[in-house]
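Read through the structure below, which is laid out as structure tokens, and then see the notes.
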2 protein chains.
Amino acid sequence: MSELRKDPVVERWVIISGGSQQCHEIPVKTAETKDHELCPFCPGNEHLCPPEILANRPPDSHPDDARWNLRVVPNRVPVLVVEEELIKSGEGLYDKISGIGANEVIIETNRHTLRQSEMEIKELETIFWAYRDRMIDLENDRRIRYVHIYRNQGCQAGSTIDHPYSVLMALPIIPQTLQEELDGARRHFEYKSRCVYCDIIRQEIQHKERIIIETRHFVAFQAFAPRQPFETWILPKRHSAMFPEVEPGEIRDLAKIFKDVFSRLDAALNFPDYNYVIHTAPFGVACREFYHWHLEILPRVSRPSGCEWGSGVYINSTPPEEAAQYLRDL
Amino acid sequence: MSELRKDPVVERWVIISGGSQQCHEIPVKTAETKDHELCPFCPGNEHLCPPEILANRPPDSHPDDARWNLRVVPNRVPVLVVEEELIKSGEGLYDKISGIGANEVIIETNRHTLRQSEMEIKELETIFWAYRDRMIDLENDRRIRYVHIYRNQGCQAGSTIDHPYSVLMALPIIPQTLQEELDGARRHFEYKSRCVYCDIIRQEIQHKERIIIETRHFVAFQAFAPRQPFETWILPKRHSAMFPEVEPGEIRDLAKIFKDVFSRLDAALNFPDYNYVIHTAPFGVACREFYHWHLEILPRVSRPSGCEWGSGVYINSTPPEEAAQYLRDL
């Protein structure tokens with residue numbers, strides 16, 4: 001049984017997943033999955049995963065049969081589970097919560113080897129619809145405060161299986177990074193009565209130097225203070241706190257800008273490992289006026305050292321203005 | 001010329017070290033340093049580094065000659081330099097500071113291949129004295145707010161050269177992680193009139209289950225909410241906010257507990273890569289009553305994924321109580 005624990009000083013949460021036999025998002029080892037016949041995410045191997053929660057499949061197909069384009073399944077060894085009871089307890093100074101939540105895998109395609117930059121716009125749209133639908137469904141569980149969806153591409157980014165998949169973690173707490181964004185955005189709103197992200201978008205579009213590409217509904221640019229070379233943010237131009245409120249036309253546009261950005265990153269950095277995350281408003285927090293959902297993309301170009309994890313100060317040798325110029329010119 | 005930039009929402013600082021030719025703490029590539037004759041940190045190769053700032057050497061030796069036990073030199077390509085002027089400027093929403101500060105390398109021993117667990121107590125003491133002396137010296141520069149000293153052991157931990165060395169970054173800002181610790185410790189002090197770290201020490205010593213070892217002046221235990229398996233903290237029992245105020249008897253005791261802890265970690269994890277950092281009070285912050293310096297040790301057992309960096313929520317499969325038991329029993 002997992003447990004969430006809070007650092008008593010900095011309020012950072014950790015999930016103790018319990019038992020070194022466990023692993024998260026890792027049904028089998030990478031070495032084994034080089035062969036797609038052994039891959040639990042490949043068509044025909046559906047029995048290697050728990051029953052599907054959601055799928056994009058033809059009307060005449062059946063759940064867990066091999067005819068699908070996208071599937072969402074629970075992690076085989078979930079870090080958090082909905083079946084547990086929410087128990088908050090103390091241990092002297094320390095706080096902990098039982099490991100309730102959800103841990104799902106979004107199998108993005110039925111093809112074993114495919115980078116996201118190579119996917120069709122339609123396929124990418126389906127992935128974003130799946131993210132949205134799972135968030136909406138999980139909001140019904142009142143114990144869940146946040147749905148964290150992220151992507152690990154390649155082993156440098158923490159992936160352990162080749163088949164394209166995203167990970168979903170539904171948490172009974174608000175993650176520290178989100179809390180920091182909410183606090184910062186609230187401070188800005190109290191001072192200026194404006195959304196800080198809307199202000200960032202306006203300034204970036206006006207200054208141009210960090211912009212990679214702009215579409216009707218979205219803008220992609222290099223972060224002003226990037227933790228790694230080529231850290232890229234994609235923001236919707238329309239002020240919206242919650243990713244699940246994205247509209248059909250926006251999803252289509254998001255798929256387009258996403259494919260464009262990843263094609264450029266692949267060309268610039270020779271198919272890098274990367275992570276991306278969706279940052280969206282936690283459930284039950286009144287932040288509609290001042291929070292703004294977005295996508296943060298972090299190519300794994302350099303490895304964090306004691307400088308980064310020990311102080312939170314990142315050293316980055318590539319000015320984002322140069323990175324943006326390079327990506328624009330491709 | 002480097003530049004510090006602040007994320008406008010979460011107030012995380014990034015150093016843009018400027019120019020992809022630059023590197024921090026890396027005089028030559030690892031591959032080249034397998035041979036100690038090419039290692040810039042080995043005796044006889046002093047000319048490959050800038051002139052030494054501090055050294056532990058016999059009275060009849062000369063600066064930058066080959067007879068030394070420990071040397072502190074500026075990084076060959078420093079990320080931050082004292083020679084620049086402190087300039088704070090804005091760019092619309094964004095804040096930045098010129099890259100003033102210092103970036104030094106503490107060459108811990110004249111032997112090319114040696115783990116810290118294999119060093120003599122006396123050698124470890126010399127390292128801690130060097131940390132202290134450099135902090136005291138750099139405090140004289142009123143532009144410097146914090147001296148971040150950290151250690152990268154092995155390439156998983158961000159090291160790029162085999163010879164044992166620590167890194168010093170003197171910063172014109174208070175790093176985000178330190179600010180979070182100060183804020184948390186202040187909150188606790190305002191509520192309880194006690195130091196949160198003193199409370200943690202008392203509770204850990206009373207509960208015993210996360211303790212690895214206790215000496216006269218120090219206690220080493222597994223963190224309650226560890227980011228990685230075997231995350232270990234060493235705290236002085238005497239309340240003290242500032243590492244530079246450590247006393248001679250304490251330094252000797254610190255060297256002993258340090259060697260003991262690293263010997264156990266090496267045995268338990270088969271000579272892991274690791275980072276450690278010293279967390280100490282920033283200069284000019286009135287936190288003497290509520291802050292408490294300490295050492296945080298993070299073996300690099302697993303690789304952070306999009307879960308960790310995207311949300312600040314860490315997944316750890318090893319309960320710290322089990323890790324502590326294992327380390328105690330060795």
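Every number in this text was worked out from the coordinates using simple rules, so none of it is lab data. Everything numeric here is computed off the predicted structure, so don't read it as measured data. In this analysis, Cβ positions are derived from the backbone assuming ideal geometry, glycine residues included, and neighbour counts consider all displayed protein chains.
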- Of A:ARG143, A:ARG288, A:ARG303, the one that fluctuates the most in a GNM where chain A has Cα springs shorter than 10 Å: A:ARG303
- Using Cα pairs closer than 8 Å and at least 6 residues apart in sequence, work out the relative contact order for chain A, in percent. 16
- Pick from A:PRO248, A:PRO229, A:PRO282: which residue has the top mean-square fluctuation in a GNM of chain A where Cα pairs under 10 Å get a spring? A:PRO248
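For the range A:3-173, give the share of DSSP beta bridges that are antiparallel, in percent and rounded to the nearest 5; count only bridges with both residues there. It would help to have the intermediate numbers written out before the result.
On the way: 31 of 32 bridges.
Around 95 percent of the beta bridges assigned by DSSP in the range A:3-173 are antiparallel ones.
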- Links exceeding 30 Å between C-alpha atoms in this model, out of A:LYS208/B:LYS88; A:LYS88/B:LYS96; A:LYS6/A:LYS192; A:LYS6/B:LYS237; A:LYS6/B:LYS192, come to A:LYS88/B:LYS96; A:LYS6/A:LYS192
- Can you name the residue in chain A whose Cβ lies closest to the A-to-B rotation axis, and give that gap in whole Å? A:PRO304, 4
- Message: I'd like the Karplus ³J(HN,Hα) series for the range A:83-95: coefficients 6.51, -1.76, 1.60, θ = phi - 60°, whole numbers in Hz, and an x wherever there's a Gly or Pro.
- Response: 5, 7, 8, 6, 10, 9, 9, x, 9, x, 5, 8, 10
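Given the -39500 (n - 2.57) contribution per DSSP H run of 4+ residues, what per-residue ellipticity at 222 nm results for chain A, rounded to the nearest 500 deg cm²/dmol?
Numbers: 7 runs with 89 residues, N = 330.
Dividing the helical sum by the residues of chain A leaves -8500 deg cm²/dmol.
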- Message: Please list 3J(HN,Hα) in residue order for the range B:98-103, calculated via the Karplus relation 6.51 cos²θ - 1.76 cosθ + 1.60 where θ = phi - 60°; whole Hz, with x for glycine and proline.
- Response: 4, x, 8, x, 8, 9
- Using the Karplus curve 6.51 cos²θ - 1.76 cosθ + 1.60 with θ = phi - 60°, work out ³J(HN,Hα) for each residue of the range B:251-267 in order, rounded to whole Hz, and write x for Gly and Pro. 4, 4, 5, 5, 4, 5, 5, 4, 5, 5, 4, 5, 5, 5, 5, 4, 6
- Message: Let me confirm one metric for peptide A:222-229, namely the mean number of other chain beta-carbon atoms within 10 Å of its residues' beta-carbons.
- Response: 6
- Message: Going by amide H atoms built from the backbone, whose H comes under 5 Å of the H on B:LEU70, apart from near neighbours?
- Response: B:ASN56
- In debye, nearest 20: dipole of the range B:3-173 around its Cα centre with unit charges on the Cβ of K, R (+) and D, E (-)? 420
- Message: Suppose you put the label 7 Å out from Cα in the Cβ direction; list, shortest first and in nm with one decimal, how far A:GLU85 is from each other copy's label.
- Response: 6.7
- Item | Using a 7 Å Cα-to-Cβ projection, B:LEU38 label spacings across copies, nm, ascending | 3.7
- Query: Which whole-angstrom value gives the distance between the alpha carbon centres of the range A:198-242 and the range B:39-71?
  - Reply: 49
- Note on the structure: Counting sequence-distant residues (5 or more places) and residues on other chains, those with an amide H built under 5 Å from that of A:TYR165 are A:GLU108
- Item | Share, in percent, of DSSP beta bridges within the protein assembly as shown that are antiparallel, nearest 5 | 95
- Query: Between A:SER61 and the same site in the other copies, what are the distances in nm, shortest first, taking label points 7 Å from Cα along the C-beta direction?
  - Reply: 7.0
- Item | Three-way shape label, the range A:33-180, alpha-carbon gyration tensor, a/c 1.5 | prolate
- Go ahead and set up a Gaussian network model of chain A, Cα springs under 10 Å, then flag whichever of A:ILE174, A:ILE297, A:ILE315 fluctuates most. A:ILE315
- In straight Cα distance, which lysines are under 16 Å from B:LYS122, not counting same-chain residues fewer than 8 positions off? B:LYS256, B:LYS259
